[in-house]
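Asks: Would you mind keeping the following structure in view while I ask a few things?
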Amino acid sequence: MKLTCLSHGRGGVHRPPCHVLELSGLRILLECPLDLSAIAIFAPVPSSSPSSSGDLVAAPPWYKAVAAHHLFDPCLLDAVVVSSPAAMLGLPFLARNPNFSAKIYATEVTARIGGLMMEELVAMHSEFVRYYGLEKRQGRPDWMKWEELERLPIELRNVVMGEEGEELGCWMPQYSAAEVKECMQKVVPLKYAEEVCFNGAIILKAFSSGLEIGSSNWMISSPRRSITYLSSSIFESGHAMGFDYHSLQGNDLILFSDLSSMNSTDYDTKPDECNSPPLRTDNDNEDHIIKSLSGNDENLEEIEKISFICSCIVDSLKAGGSVLIPIGRLGILLQLLEYISRALDNSNLKVPIFMVSATAEETLSFTNAIPEWLCKERQEKLFLGEALFGHAELIKEGKLCVFPLLYERELLMAWQEPCIVFSPHWSLRFGSVVQLLNRWHSDHNSLLILEQEVDAEMALLPFKTLAMKVLQCSFLSGLKMQKVQPLLELLRPKLVLFPEVLRPHCPIKEGGSFAFLYYSENVRLRVPNSRKGFEVQLATELAFQLEPRRLLEGSMAIARLQGRLLLSKGKYLLVSGKKPLKQSNEQMLLWGSVDPARLILALEERGIVGSICDDDKAADGYWFIQVSKPEEGLIKSSASETVISCDDERTSALIFEALCSVCDGI
Amino acid sequence: MAIECLVLGAGQEVGKSCVVVSIGGKKIMFDCGMHMGYLDSRRYPDFSLISETGDFDSSLTCVVITHFHLDHVGALPYFTEVCGYHGPIYMTYPTKALAPIMLEDYRKVMVERRGEEEQFSYDHIMECMRKVIPLDLKQTVQVDKDLQIRAYYAGHVLGAAMIYAKVGGSTMVYTGDYNMTPDRHLGAAQIDRLRLDLLITESTYATTIRDSKYAREREFLKAVHKCVAGGGKVLIPTFALGRAQELCILLDDYWERMNLNVPIYFSAGLTIQANMYYKMLIGWTSQKIKDNYTKHNPFDFKHVCSFERSLINAPGPCVLFATPGMISGGFSLEVFKHWAPSEKNLITLPGYCVAGTIGHKLMSGKPTRIDLDADTHIDVRCQIHQLSFSPHTDAKGIMDLIDFLFPQHVILVHGEKPKMASLTERIQSELGIPCYYPANNETVLIPTSQNVKVDATGQFMRSCHNVNLNSIQDKPCISNFSTNNCEVSGTKIDASKMVITSCCNANLHSTQDKHCISNASISNCEVSELAGDENLTEGILVMEKSKTAKVVSKDELLQMLGAEKHVVQFARCFPVRLSNREQFLPHAANHTTLQLLCKKLSSHVKCKYIESFSDHLQLDSLRIRICSNEDCPFRTNQNKYCSSSVIYFCCSWSMHDENLASKCLEIVNNLDSTIQDSNLAQEEAPNEHLQ
Ligand SMILES: [Zn+2]
Ligand SMILES: [Zn+2]
Ligand SMILES: [Zn+2]
């Protein structure tokens, strides 16, 4: 097995890490994200009012796939495994390649939400198409020319090219709606814990990771290895089903790919807490670990953040300012909606909430029909017959208005300020957020809410003389570092593949019950196999055909085996051939030496009379048996060879049979 | 190994489905239903047969419920809250959400209308349901270390599932009720091609073959339309969920198309609340609904409103859905009493009514009077329409499913005895699968086969891969019965994608033979055959006490034992008389003789290898040499000649060339005539030229 990390990602939800796994001769791509933060180099579509795009590239944007992706021949891939909606946004680039024939595996919900996100991207990109006209598909755009690139400020140029120009090849012109559709047809949608087998050799199973609705970790097992592919995970969530770590217990190897803490500041929080107490491996300890891992505190912390946001929103509204929320995380968005409407009720504010996106309506109605994928509290709502999320009620009461586009007649009729608008896209380059920012950026009472992951300075470049308040909020986007060690203890792997970048920050104790290998970007890491030999299932009917033979010495028995070897659902299986097993002595394999006295007895049993010759012939380690009845013959034998000589074929056959009976063989 | 199958209910009858299966030391209860036709102890399965002491927790591993119909879940609250079972209970998300509605509806009917002593309370129902672990389709649930269960889509009603269970190598499926054709709101049953020791299937329509569903729907709509057009009232007794939604979609759609405004009512609390559930569980409906619900949710009925008791005798036509189905009591009975005497009205009955209900009485013949009890009689003058469409599979569907899964054994439940007998006959004769239909409280023992786990060495595995590749691959797991029930499509596997293939000259082709799969007892789905069946893999199985058996290659065996191979050869040294040896072969006599012999042999025998050396010939393992050693030990006494016209041939060979050797030795024995023939040939040749 070999692992190549193509990209660490940015440690956030929007750009997850990406790897290639080579296993049992098959090549699996893990995640296929886009770096959407990179489109910050493009100026948004200019509005009627003069804008200050400054140094930004004024052209229809291209999109940046993960580094080194373009070096990868898509026809060499056997499968693509996708863990979250954001991790599939780059798929159409792969899938539109005519040589791409891999199957794409994702959970049903990841696929659906990811598909909606792609549709939204395409819809937002069409703003540029409307402004610039349709881009010609051939050749590189002008902004990619060297002299143009040289004119860019260094930070923008780095985004385009990477530090050494290696990332220039990652840029692609946007995919079309048809390409998205085609790509989605190649996705095999899975349920949590559904077993899927590809090529007979590898079994995949997705388990909830808690990060986002439908997001998953994976169990990837081949005949000789079982792997936990651990992506960013959250123990308890207020929307998605929590991190199902129980189902990942006992696999041989963990590919640790949660790099959410790569950029976070709480690296070295309380390292002593996880070094002590000494870990034991009994059940008590396991319970203890589980308790420490999966408490509700993380969720409470998130709710606290959301409540804080709500209080800021209420303050702005009271001051007459509007609130703009271009948050890209669906689960958080749905929770925010519920909390905001409650906060408005509590402060007696009658302020409309808008949601302006091409796919918002479909996304919202979809989320109210997927109870199987949600956290326990929301599943309870199903059993009580209540809506899973609050937005259905809000829409019915007219508190939430959903529109595909700004400037729609109905929207204009419902519009009133101050208001709250959920509006894509978090990059602030396209989507309804651009026009609304143009409208409100100089209003110091208005409020913009961004995720921590967004480079606010870069994102806000085109909206100069910014007076509106900006609230950046870091939501939990993976495992907290101090929980890594206890989690690994609980999962009991033999080996952990761990990112080198996290090594200095992660309080991991080496020398425990499992070993570590560290991986780095663009290095092919060879992973040794821990299992010796192969495990094979012997079919019953073949087992019944066996004719075991006990060895002359020791307790060992052996049997000749003839059958067909199959690979089925990741397991080797030996079954009997269609033709009956031919049982003959012809292929008899003998070893060791023959005792002449025993051979004489065995001959007698078969009616053959012979005697050991002790004349001068017996030399050089040879002995002879002279056969006299029923036919004359001779047996010459040494430690490693026996020669049978007799004119009569029947007698020779009997002698051979007698020989086999006194010699070890099969 | 065996699977023990105890039928506690639905054995040779419909009602109180409950089968307890012991498999590899685990005990699973499939369904825990009640019988609607009985009011005494016969309404529940006889749980005492599971455990005399009532210690169900230690005797059962888990309970799995297939769907929310009362004949499958009706006894569950009684079993958990009254009998005290506390172990795990599994059912699908919709079943967990909807079963309490069914149970509560029924409990109310029993307690409030019949004034019966309640068997379980509302709290019992809620307490029981709280313990239920919800299942998603195809989710593989590890109940414990050894027991795995998985739910497959069964159609029938929302959330209905067929359950696959596996312990070690023993596998089975319990179907519950299922439908092989899609209806208005549900899809058809779907299952993987699994390798099964046992299939337990329902057989409600064991002998019925149904025609097009469309015609039967039209018949129903026509009957309803005719009745309301004549000013009559239509009573549709149904259970709260399932049929109600199906018929309602049908009517709502028809009302829209025909522009009708006759009111459609739901009896209190019935489906208004249920529709909320259906909207959230849209993922469990048919593909058509799933594709369109974000625009139009079919459970938003336009023409449906709720019913007040005062409307029973209101003038004018209407359609009313009322619980319970089969008119076993409750509100539907109350309305029936009022409406049955008028010939203008219409009562629709489901395709199946349990014996003992009014529905059953109405179905068997056309009674004009029904005696409820000693004092209450109802005159029946209304029209009766029996719905001929049902959410159960027909006989063809059952046969299709069995043929598709091709299990080792079949058990029929949930049907009527004579029909089950005739279906059993069919299954055994047409499919050759042993089939049983035990009565309640009977046990069937099913033998199972079990694979043995062994280790294999790398060298053995490589030797297998050296032979040509051959792959069988099912269509991605699922086949939809409604369209093509047994389609298997082969997909090519790229040589580069196979495991350890660097050394193969792969000759790829795929097979479409499904029996290939079932005969070879391979678990479902994708299978790659690593050696063609022409080339059987050979190895040695080494068994030692208290160690896992190990497959090694022949070479490895000797290494493992630290032994040296013992070679066995056969040898003979025999004289051949050559009549004119001296005259034509003076010098290199032996050499020429061998060459002549070689020529002769190569044209008369088949072997892989043949070569002539200066002093011997080699044909595979057979070595022929002219022997001049007079003391050669392989010369037997009787053939010790001493003559110049005799030469000795010393031959040796291995056992596996026995046939080759005996042929060659015969030719060597007749060498004299051969040489004479060839001399003749040489002499004649020039003459031919002269002529
Ligand atoms: Zn049913
Ligand atoms: Zn039933
Ligand atoms: Zn000889």
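The values are calculated or read from the model by the stated rules, or taken from the named source; none is laboratory data. These numbers were taken from a predicted model, which means no experiment stands behind them. A quick note on method: Cβ atoms are made from the backbone with ideal geometry, for glycine too, and the neighbour counts reach across all protein chains shown. These accessible areas exclude ligands, DNA and RNA; they are computed on the full protein's heavy atoms, side chains included. Shrake-Rupley method; radii C 1.70, N 1.55, O 1.52, S 1.80 Å.
Asks: Restricting the count to DSSP beta bridges whose residues both fall in the protein assembly as shown, what percent are antiparallel, rounded to a multiple of 5? Intermediate results must be reported in sequence, preceding the final value.
Replies: On the way: 140 of 230 bridges.
Antiparallel: roughly 60 percent of the beta bridges in the protein assembly as shown.
Asks: To continue, here is another question. I need the trypsin sites (Lys or Arg not before Pro) found in the range A:50-150, filtered to DSSP loop residues with at most 15 other beta carbons within 10 Å of theirs.
Replies: A:Lys136, A:Arg137, A:Lys145
Asks: In sequence order, what are the phi-derived ³J(HN,Hα) couplings for the range B:46-55 according to the Karplus relation 6.51 cos²θ - 1.76 cosθ + 1.60 with θ = phi - 60°, rounded to whole Hz, with x for glycine and proline?
Replies: Listing the rounded values in order: 7, 5, 5, 6, 7, 8, 5, 7, x, 8 Hz.
Asks: Let me ask you something else. Please find the FRET efficiency linking B:Cys305 to A:Glu135, where r is the Cβ-Cβ separation and R0 is fixed at 51 Å, and quote it to the nearest 0.05.
Replies: On the way: r = 55 Å, r/R0 = 1.09.
So, using R0 = 51 Å, E works out to roughly 0.40.
Asks: Still on this structure: On the protein heavy atoms, probe 1.4 angstrom, tell me the percent of accessible surface of the range B:213-386 carried by carbon and sulfur.
Replies: Working: 3760 of 7330 Å².
Here carbon and sulfur together make up 51 percent of the probe-accessible area.
Asks: Using Cα-Cα distances under 8 Å and only pairs 6 or more residues apart, what relative contact order does the range A:590-665 have, in percent? Each step should come with its number before you reach the end.
Replies: Values: 127 pairs, mean separation 26.4, N = 76.
Relative contact order, the range A:590-665: 35 percent.
Asks: Using the Cα centre of chain A as origin and beta-carbon charges of +1 (Lys, Arg) and -1 (Asp, Glu), tell me which of A:Cys183, A:Tyr519, A:Gln485 is placed farthest towards the positive end of the dipole.
Replies: A:Cys183
Asks: If I compute solvent accessible area with a 1.4 Å probe over the protein chains, what percent of it on the range A:329-445 is carbon and sulfur? Walk me through the intermediate numbers first.
Replies: Values: 2440 of 4740 Å².
Carbon and sulfur atoms account for 51 percent of the accessible area of the range A:329-445.
Asks: Please tell me the relative contact order of the range A:31-181 in percent, rounded to the nearest whole number, where contacts are Cα pairs under 8 Å and at least six residues apart.
Replies: 33 percent
Asks: Past 32 Å, Cα to Cα, is the threshold; run B:Lys108/B:Lys302; A:Lys191/A:Lys350; A:Lys305/B:Lys96 against it and keep the listed order. Write out the running numbers ahead of the final one.
Replies: On the way: B:Lys108/B:Lys302 29 Å; A:Lys191/A:Lys350 41 Å; A:Lys305/B:Lys96 34 Å.
The pairs that break the limit, which is 32 Å between Cα atoms, are A:Lys191/A:Lys350; A:Lys305/B:Lys96.
Asks: Next up: Hey, which lysines would be in cross-link range of A:Lys629, C-alpha to C-alpha under 22 Å, not counting anything within fewer than 8 residues on its own chain?
Replies: The reachable lysines, counting only those whose Cα sits under 22 Å from A:Lys629, are A:Lys617, B:Lys640.
Asks: Quantify how strongly other chains surround peptide B:133-139 by giving the mean number of their Cβ atoms within 10 Å of each of its Cβ atoms.
Replies: On the way: counts 0, 5, 3, 8, 4, 7, 8.
If you average over the peptide's residues, the count of other-chain Cβ atoms is 5.
Asks: Over 32 Å between Cα atoms, which of A:Lys396/A:Lys483; A:Lys186/A:Lys509; A:Lys376/B:Lys290; A:Lys64/A:Lys532; A:Lys483/B:Lys279 qualify? The partial results should precede the final answer.
Replies: Working: A:Lys396/A:Lys483 42 Å; A:Lys186/A:Lys509 42 Å; A:Lys376/B:Lys290 24 Å; A:Lys64/A:Lys532 43 Å; A:Lys483/B:Lys279 39 Å.
Check vs 32 Å cut-off fails for A:Lys396/A:Lys483; A:Lys186/A:Lys509; A:Lys64/A:Lys532; A:Lys483/B:Lys279.
Asks: Which lysines have a Cα lying under 17 Å from the Cα of B:Lys600, excluding residues fewer than 8 positions away in the same chain?
Replies: Of all the lysines, those that pass the test against B:Lys600 - Cα under 17 Å, at least 8 places apart if same chain - are B:Lys608, B:Lys663.
Asks: Across peptide B:541-547, what mean number of C-beta atoms from other chains lies inside 10 Å of a residue's C-beta?
Replies: Working: counts 12, 8, 8, 6, 4, 1, 2.
So the per-residue partner count for this stretch is 6.
Asks: A 32 angstrom limit on the alpha carbon distance is what I want to check against. Which of A:Lys103/A:Lys571; A:Lys103/B:Lys554; A:Lys480/B:Lys26 exceed it? Don't skip to the answer; put the middle values down first.
Replies: Values: A:Lys103/A:Lys571 20 Å; A:Lys103/B:Lys554 40 Å; A:Lys480/B:Lys26 40 Å.
Beyond 32 Å between Cα atoms: A:Lys103/B:Lys554; A:Lys480/B:Lys26.
Asks: Then there's this: Please report the carbon-and-sulfur percent of the accessible area for the range B:28-99; probe 1.4 Å, protein heavy atoms only, DNA, RNA and ligands left out. Working shown, then result.
Replies: Values: 910 of 1960 Å².
The C+S portion of the solvent-accessible surface of the range B:28-99 is 46 percent.
Asks: What translational diffusion coefficient, to the nearest whole µm²/s, does the range A:590-665 have by Stokes-Einstein, given a Kirkwood radius computed over alpha-carbon pairs, a temperature of 25 °C and 0.890 mPa s viscosity?
Replies: Working: Rh = 12.2 Å.
Calculated translational D: 202 µm²/s.
Asks: Could you pull the Cα extents of the range B:366-423 along its three principal axes, largest to smallest, in whole Å?
Replies: Reported extents, whole Å, longest axis first: 55, 23, 16.
Asks: Another question about this same structure. Which of the peptides B:426-439, B:359-372, B:221-234 is most tightly packed, and how do the rest follow, going by the mean number of other Cβ atoms within 10 Å of each residue? Mind dumping the intermediate values first?
Replies: Values: B:426-439: 15.9, B:359-372: 14.4, B:221-234: 18.6.
By packing density, highest mean first, the sequence is B:221-234, B:426-439, B:359-372.
Asks: If you don't mind, there's one more thing I want to ask. Can you give the Rg to Rh ratio of the protein assembly as shown, both from alpha-carbon atoms, with Rh computed by the Kirkwood formula?
Replies: On the way: Rg = 40.3 Å, Rh = 37.2 Å.
Dividing the radius of gyration by the Kirkwood radius yields 1.08.
Asks: Just need the relative contact order of chain A here, percent rounded to a whole number, with Cα pairs under 8 Å and 6+ apart.
Replies: It comes to 14 percent, rounded to a whole number.
Asks: Shifting gears a bit: Using θ = phi - 60° and the Karplus curve 6.51 cos²θ - 1.76 cosθ + 1.60, what whole-Hz ³J(HN,Hα) does each residue of the range B:235-243 get, with Gly and Pro shown as x?
Replies: Whole-Hz 3J(HN,Hα) from phi for the range B:235-243: 9, 10, x, 9, 7, 4, 10, x, 4.
Asks: How much accessible area is lost when chains B and A come together, counting both sides, with a 1.4 Å probe, in Å² rounded to the nearest 100? Intermediate results must be reported in sequence, preceding the final value.
Replies: On the way: alone 32670 and 31020 Å², together 55260 Å².
Buried: approximately 8400 Å² between A and B.
Asks: How would you order B:567-574, A:11-18, A:291-298, B:39-46 from highest to lowest mean count of nearby Cβ atoms within 10 Å?
Replies: Descending mean neighbour count gives A:11-18, B:567-574, B:39-46, A:291-298.
Asks: Another question, then. Give a quick list of GluC sites (Glu not before Pro) in the range A:440-542 that DSSP marks as loop, anything other than H, G, I, E or B, with at most 15 other Cβ atoms within 10 Å.
Replies: Values: sites: A:Glu451, A:Glu453, A:Glu457, A:Glu489, A:Glu500, A:Glu510, A:Glu521, A:Glu535, A:Glu541; in loops: A:Glu453, A:Glu510.
Here the GluC sites (Glu not before Pro) that fit, given the DSSP loop and packing criteria, are A:Glu510.
Asks: Enter the mean number of other protein chain beta carbons within 10 Å of the beta carbon of each residue in A:590-603, as an integer.
Replies: Working: counts 6, 9, 6, 3, 2, 0, 0, 0, 0, 0, 0, 0, 0, 0.
Mean shielding count: 2.
Asks: Moving to a separate point now. If you take the beta carbon distance between B:Ser364 and B:Lys145 as r and set R0 to 45 Å, what does 1/(1 + (r/R0)^6) give as a FRET efficiency, to the nearest 0.05? Walk me through the numbers before you get to the answer.
Replies: Values: r = 51 Å, r/R0 = 1.14.
E(calc), rounded to 0.05, equals 0.30.
Asks: Next question. Leaving out same-chain residues fewer than 8 places away, which aspartates and glutamates sit with a Cα under 12 Å from that of B:Lys233?
Replies: Once the sequence-local aspartates and glutamates are set aside, what remains near B:Lys233 is B:Glu343.
Asks: Here's a follow-up. So how far, in whole Å, is the C-alpha centre of the range B:596-611 from the one of the range B:117-176?
Replies: Centre-to-centre (Cα) distance: 71 Å.
Asks: Given the Cα-Cα distance of A:Ala639 and A:Arg606 and 0.36 nm per residue of separation, how much length would full extension add, in nm? Please list the in-between numbers first.
Replies: Values: separation 33, 0.36 × 33 = 11.88 nm, distance 2.36 nm.
Extending this stretch completely gives an extra 9.5 nm.
Asks: Between B:Leu431 and B:Ser602, what is the label-point separation in nm under the 7 Å Cα-to-beta-carbon projection?
Replies: Each label point lies 7 Å from its Cα, and together they span 6.1 nm.
Asks: Between A:Ser347 and B:Asn313, with labels modelled 7 Å along Cα→Cβ, what's the label distance in nm to one decimal, could you check?
Replies: Modelled inter-label distance: 6.0 nm.
Asks: Only loop residues by DSSP count here, and only those with at most 15 other Cβ atoms within 10 Å; note down the trypsin sites (Lys or Arg not before Pro) in the range B:261-318 that meet that. Show your work: numbers first, answer last.
Replies: Values: sites: B:Lys279, B:Lys288, B:Lys290, B:Lys295, B:Lys302, B:Arg309; in loops: B:Lys295, B:Lys302.
Sites meeting the loop and neighbour criteria: B:Lys295, B:Lys302.
Asks: Among DSSP beta bridges whose residues both lie in the range B:1-129, state the antiparallel percentage, nearest 5. Kindly include the intermediate steps, with their values, before the conclusion.
Replies: Numbers: 11 of 16 bridges.
In the range B:1-129, approximately 70 percent of DSSP beta bridges are antiparallel ones.
Asks: What accessible area per residue, rounded to a whole number of Å², is obtained for the protein assembly as shown using a probe radius of 1.4 Å? It would help to have the intermediate numbers written out before the result.
Replies: Values: 55260 Å² over 1357 residues.
Spelled out: the 1.4 Å probe surface of the protein assembly as shown, per residue, equals 41 Å².
Asks: Looking at chain A, send over the antiparallel percent of its DSSP beta bridges, to the nearest 5.
Replies: Details: 56 of 100 bridges.
Bridges in chain A are about 55 percent antiparallel.
Asks: Net charge near B:Ser59, counting Lys/Arg +1 and Asp/Glu -1 over other residues with Cβ under 12 Å of its Cβ? Spell out each step's value before the answer.
Replies: Details: positive: B:Lys26, B:Lys27; negative: B:Glu52, B:Asp55, B:Asp57.
Combined, the nearby Lys, Arg, Asp and Glu give -1.
Asks: Return, ordered by residue number, the residues of the range A:511-553 whose backbone nitrogen is under 15 Å from a label point located 7 Å along Cα→Cβ of B:Ser546.
Replies: Nothing falls inside the zone, counting backbone N under 15 Å.
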